[in-house]
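The structure under discussion appears below in the form of structure tokens.
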């Protein structure tokens, strides 16, 4: 049964990869229809994560707005600033997302 669960998880992550790529490509195009499609793709991505009980990979979770579902791309639909070890993404909808970027571990002396 474990092999079957691993297969399902791998396929779900592949689908999530593809949906995120499509959403990112649509976000970069500047049409109203493309924005609607990008939000639909991110919505489906979240549904896959919930349905199969798989944690959304951090590489996607950090780049999605939790409020409106946009893909956060600097200069297109969000602004980015650094603040004390965090990147602060401010979406067009007004929501802010704080992403930690410094290493937590220090070099061992010796």
Of the residues that make up the stretch 30-50, is at least one modelled with pLDDT of 90 or more and over 30 Å from residue 10 (Cβ atoms)? yes
Members of the stretch 55-70 that are touching a strand residue (DSSP E or B) at 6+ places or on another chain (Cβ under 6 Å) and surrounded by fewer than 17 Cβ atoms within 10 Å (Cβ to Cβ): 62
What do you reckon, is residue 22 within 21 Å of residue 94 (Cα to Cα) and in contact (Cβ under 8 Å) with a residue 12 or more places away in the chain? no
Does residue 73 satisfy being under 19 Å from residue 94 (Cβ atoms) and either in contact (Cβ under 8 Å) with a residue 40 or more places away in the chain or crowded, with 18+ Cβ neighbours inside 10 Å (or both)? yes
Please enumerate the residues belonging to the stretch 76-95 that are surrounded by 15 or more Cβ atoms within 10 Å (Cβ to Cβ), outside any strand (DSSP E or B) and at pLDDT 90 or above. 95
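Matching residues to (1) assigned to a helix (DSSP H, G or I); (2) within 24 Å of residue 100 (Cβ to Cβ):
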{"site": "13", "(1), (2)": "yes, yes"}
{"site": "18", "(1), (2)": "yes, no"}
{"site": "26", "(1), (2)": "yes, no"}
{"site": "34", "(1), (2)": "yes, no"}
{"site": "47", "(1), (2)": "yes, no"}
{"site": "54", "(1), (2)": "no, yes"}
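The values are calculated or read from the model by the stated rules, or taken from the named source; none is laboratory data. Nothing here was measured: the structure is a model prediction, and the numbers come from that model. Note that we place each Cβ from the backbone using ideal geometry, even for glycine, and neighbour counts take in every protein chain shown.
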